[in-house]
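For reference, the structure discussed in these notes is given below.
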């Protein structure tokens, strides 16, 4: 179980589309506004790990076209999110900013369904750390570990965005940061397809 927990730590704390989105969102709206995204993303991955442990990995391995389709949908959605971030004016968020609401828990969870990195993690749980059937108890235990570690991982990126980037004082600085994060979001999504 130690090897699995280390895998969960590495998978949750390394750069990926969700972590970059959490950091960018937190830099613009603050850490508290990013917590629903953090919890939703960690819950989404935990749910995927649980489902893979209960047998979902079998049909996904048998029909790689499903994985390719999910990856394509994910790239389109992440591209749209990156475009929204890229074209952001860099102004502070006002209470009437209805067009660009902070991504919530549902967005965080749904993002995992089309996130290639999340699918690779969920499938690795079964393929590497439990090649035989996990059963309900094993799948649940691994999902709980991923939930706890995932919250810590995504929250650390959100904290970096909110507290570690104090130099984002002017709209041009925030715009440059948003555009950099948008490009990194696309790069992270592309790299996760290759891994």
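Each reported figure results from applying straightforward, stated rules to the coordinates on display, with no laboratory input. Keep in mind it's a predicted model, so treat the numbers as computed, not measured. Virtual Cβ from ideal backbone geometry, glycine too; neighbours counted across all protein chains shown.
Along the Cα-to-C-beta direction of residue 140, a point sits 7 Å from the Cα; which residues of the stretch 38-68 have their amide N less than 20 Å from that point?
Residues passing the 20 Å test: 43-57.
Run the quick spin-label model on residue 63 and residue 86: label points 7 Å from Cα toward the beta carbon, then report their separation in nm to one decimal.
Spacing of the two 7 Å Cα→Cβ label points: 3.3 nm.
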